[in-house]
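Worksheet: one structure, shown below.
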Amino acid sequence: MLRITGKGVSGGVAMGQLYFVRRERRGAEERRAADPEVELARVKEAKRAALSQLNELYRKALPEVGQQGAALFEIHQMMLEDEDYCDSIDNIIKAQGVNAEYAVAVTSANFSRMFSEMEDNPYMRERAADVKDVSDRLIRCLAGEKSEGVKADSPVIVAADDLTPSETVQLDKSKILAFVTSGGSTNSHTAILARTMGIPAIVGAGVSLDPSLDGRSAVVDSFAGELWVDPDWVTLERLTVKKAEDDHRKELLEQFRGKPNVTKDGRGVLIYANIGSLSELGLVQHFDAGGIGLFRTEFLYLESSRYPTEDELFRSFRTVAETMGGKTVVFRTLDVGADKQIGYFELAHEENPALGLRGIRICLERPGLFRTQMRALYRASAFGKVAVMFPMIASLFEVEEALALASSVRDELRTEGAAFDEKVELGIMIETPAAAIISDVLAPRVDFFSIGTNDLTQYTLAVDRQNLSVERYCDTHHEAVLRLIRTVTENAHAHGKWVGICGELGADVTLTETFLRMGVDELSVSPVKVLELRRAVSELDLGS
Ligand code: PEP
Ligand code: MG
């Protein structure tokens, strides 16, 4: 028996044979081109074929993973049409007089190296895989081959060094029991797609995942991030029970799709989802969240190598608002600083970044940046039910300054005749003990509170949320935090305002009863937790 560990990115247990994805090596060796013009024409033709394949993939993916999951193939199309990328290929052919395949391979290596070296930007690092994926497709098209994807005749555990997003989506779902890859990361598109498709997946299994294991029987326990090859009967029995429990749990959860979030005694609560990028919108719909309680807008900045323009932000916000139809979307204004650093922001080095220039403080220090974001948010409000909240509030003056800016943005848009919703709700996150303690003072000024328990716990218990060595001191059920949540809820309600929890604690079903008894109105959790939370709510009887 062999145990290989990695990171489980999509929960589940699966048993079956290991099937290693083999890729035909396609020649991209350097050759002298008899006529560079011919090579340029070949690139043009291959690009056309690749674009049409991507278009086809997009249509195939749409019903399976939804608009946002499928959007990846639009991104690949854009990469193929990117001017820098295309110029690089053409220039290599012209300057070096080489074959098209080689020019694409060199361009792919250069661009993916550039992306993977973006140390401060995990999102861009992950785009390195996309460039390779697109370039491989182009090389296949140059060779006149059709993309094969991964072939598996019967249900198998698919193993690979890494799976490209297009390989993942091309797989016949009925044949795939699980994915295990040597590389990969939690936020790669492949991991997102695996989650969206509900297939257990482990990434980062490393070199132990050797192709010589092909055909061996195995069990994937992605809850534990473990792959067991040739499991002994004790392990097999243990995991069979775990799988049965998980299957049963999922079956039961399915019943909650489309159901209301009400307790036995009829008390309702809103269950919304937390997301950080447009690509996660599919999950929100898949898991049937009633809205988005936290959209972490900083991702749009992390995805970029420069400040996004107002129009770019607007387009993204509008997509989210439109996709959610009339359901509420709470956008949180930029929350960078501390652990979320963005190179082009050029933030100064700080001794204590968690206590430094972060969250709303950056927006107040850089009103231009704040205004651009607020204008884009207000403009997007004409396309759905938009709410906006400000992170890391500690004092009343911060709320007043933020609201003043929001008001001047409304004036500006009115003067310009731009369409927007005058009634966009403006709220604040309660993430500092100070904000919780003065929540009676803050409540009259805003429309709602959303409690960010991740930071609230960090600041209340003085425990760095990034530091594993102090995890023992981070009691997420600490009475101090619970008392603050109670205070905030009471103060919100005393002023007729609603209150939600959008930190990780909101998904802790052992606290659901406590939160509902406190009167919390909304719980915003990771999309995959929505149905579980709905079940927990429906099993409660508050006796009211
Ligand atoms: C929080 O602090 O609880 C929160 C939701 O914000 P973030 O985790 O993005 O800091
Ligand atoms: Mg926070």
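The values are calculated or read from the model by the stated rules, or taken from the named source; none is laboratory data. In this text, all values refer to a predicted model and were calculated from it rather than measured experimentally. Note: ideal-geometry Cβ built from the backbone for every residue, glycine included; neighbour counts use all protein chains shown. To get the accessible areas, we keep the full protein, side chains included, count just its heavy atoms, and leave off ligands, DNA and RNA. Shrake-Rupley method; radii C 1.70, N 1.55, O 1.52, S 1.80 Å.
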Number of the condition not met by Pro155 [criteria: (1) at pLDDT below 85; (2) over 27 Å from the mean Cα position of the chain (by Cα); (3) more than 18 Å from Glu56 (Cα to Cα)]:
(1)
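For Phe397, indicate whether it is away from ligand 2 (no atom under 16 Å from the Cβ), surrounded by fewer than 24 Cβ atoms within 10 Å (Cβ to Cβ), assigned by TED's automatic domain parsing to the domain that holds Val499 and under 28 Å from the mean Cα position of the chain (by Cα). Show your work before the answer.
Details: away from ligand 2 (no atom under 16 Å from the Cβ): yes; surrounded by fewer than 24 Cβ atoms within 10 Å (Cβ to Cβ): yes; assigned by TED's automatic domain parsing to the domain that holds Val499: yes; under 28 Å from the mean Cα position of the chain (by Cα): no.
No.
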All but one of (1) in contact with a Gly (Cβ under 7 Å, 6 or more places away or on another chain); (2) crowded, with 19+ Cβ neighbours inside 10 Å hold for Asp447, so report the exception by its number.
(2)
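Assess whether Val488 counts as being closer than 22 Å to Val388 by Cβ and in contact (Cβ under 8 Å) with a residue 60 or more places away in the chain. Write out each step before concluding.
Working: closer than 22 Å to Val388 by Cβ: yes; in contact (Cβ under 8 Å) with a residue 60 or more places away in the chain: no.
In short, no.
Could we say that Phe370 is more than 16 Å from Gly452 (Cα to Cα) and open to solvent by 40 Å² or more (accessible area, probe 1.4 Å) here? Walk me through it before giving the result.
Numbers: more than 16 Å from Gly452 (Cα to Cα): yes; open to solvent by 40 Å² or more (accessible area, probe 1.4 Å): no.
It is false that Phe370 is more than 16 Å from Gly452 (Cα to Cα) and open to solvent by 40 Å² or more (accessible area, probe 1.4 Å).
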So is Gly337 modelled with pLDDT of 95 or more, of a type in the set (Gly, Ala, Ser) and in contact with a Phe, Trp or Tyr (Cβ under 9 Å, 6 or more places away or on another chain) or not?
no
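Taking region 411-425 only, how many residues are crowded, with 16+ Cβ neighbours inside 10 Å and either within 16 Å of ligand 2 (Cβ to nearest atom) or in a helix (DSSP H, G or I) (or both)? Spell out the reasoning first.
First, the residues of region 411-425 that are crowded, with 16+ Cβ neighbours inside 10 Å: 413, 420-421, 424-425.
Add one more test, that the residue is either within 16 Å of ligand 2 (Cβ to nearest atom) or in a helix (DSSP H, G or I) (or both), and what stays is 413.
Total satisfying the criteria: 1.
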Give the residues of region 505-523 that are in contact with a helix residue (DSSP H, G or I) (Cβ under 6 Å, 6 or more places away or on another chain) and not β-branched (Val, Ile, Thr), sorted by residue number.
Leu505, Ala507, Met518, Gly519, Leu523
With the condition kept exactly as written, say whether any residue in region 26-37 is assigned to a helix (DSSP H, G or I) and either exposed (fewer than 13 other Cβ atoms within 10 Å of the Cβ) or of a type in the set (A, V, I, L, M, F, W, C) (or both).
yes
Does Glu56 satisfy the condition of being modelled with pLDDT under 80 and either under 30 Å from Gly325 (Cβ atoms) or surrounded by 14 or more Cβ atoms within 10 Å (Cβ to Cβ) (or both)?
yes
Regarding Arg483, is this residue in a helix (DSSP H, G or I) and more than 28 Å from Lys327 (Cα to Cα)?
yes
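Can you find even one residue in region 426-436 that is within 16 Å of ligand 2 (Cβ to nearest atom), surrounded by 20 or more Cβ atoms within 10 Å (Cβ to Cβ) and part of a helix (DSSP H, G or I)? Walk me through it before giving the result.
Restricting attention to region 426-436, the residues satisfying the condition of being within 16 Å of ligand 2 (Cβ to nearest atom) are 427-436.
Subsequent filtering for residues that are surrounded by 20 or more Cβ atoms within 10 Å (Cβ to Cβ) retains 427-432, 435-436.
Those left that are additionally part of a helix (DSSP H, G or I): 435-436.
Within region 426-436, one or more residues are within 16 Å of ligand 2 (Cβ to nearest atom), surrounded by 20 or more Cβ atoms within 10 Å (Cβ to Cβ) and part of a helix (DSSP H, G or I).
Have a look at Ser395, Ser407 and point out the one that is free of Cβ contacts under 8 Å to residues at least 12 places away in the same chain and within 25 Å of Ser439 (Cα to Cα). Show your work before the answer.
Details: Ser395 fails: free of Cβ contacts under 8 Å to residues at least 12 places away in the same chain.
Just a single option satisfies the conditions, and that option is Ser407.
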Tell me, which residue of region 202-219 that is β-branched (Val, Ile, Thr) and modelled with pLDDT under 90 is least open to solvent (accessible area, probe 1.4 Å)?
Val203
Neighbours by Cβ (under 7 Å, 6+ apart or cross-chain): first from region 417-432, within 16 Å of ligand 1 (Cβ to nearest atom); second at pLDDT below 95:
Glu431/Asp455
Residues located in region 454-508, provided they are among the polar types (S, T, N, Q), open to solvent by less than 70 Å² (accessible area, probe 1.4 Å) and over 24 Å from the mean Cα position of the chain (by Cα):
Thr460, Thr487, Thr489, Asn491
Looking at Leu442, Leu396, Leu461, Leu456, which one is touching a Cys at 6+ places or on another chain (Cβ under 9 Å) and modelled with pLDDT of 95 or more?
Leu461
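For region 488-511, indicate whether the set of residues that are under 30 Å from Ser277 (Cα atoms), touching a Gly at 6+ places or on another chain (Cβ under 7 Å) and away from ligand 1 (no atom under 16 Å from the Cβ) is non-empty.
First pass over region 488-511, keeping only residues under 30 Å from Ser277 (Cα atoms): 488-489, 492, 497-511.
With the extra rule that they be touching a Gly at 6+ places or on another chain (Cβ under 7 Å), the set shrinks to 489, 500, 502-503.
Still in the running and away from ligand 1 (no atom under 16 Å from the Cβ): none.
Checked against the condition, which is being under 30 Å from Ser277 (Cα atoms), touching a Gly at 6+ places or on another chain (Cβ under 7 Å) and away from ligand 1 (no atom under 16 Å from the Cβ), region 488-511 yields no hits at all.
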Can you spot a residue in region 9-30 that is modelled with pLDDT of 90 or more, of a type in the set (Val, Ile, Thr) and closer than 23 Å to Phe73 by Cβ?
no
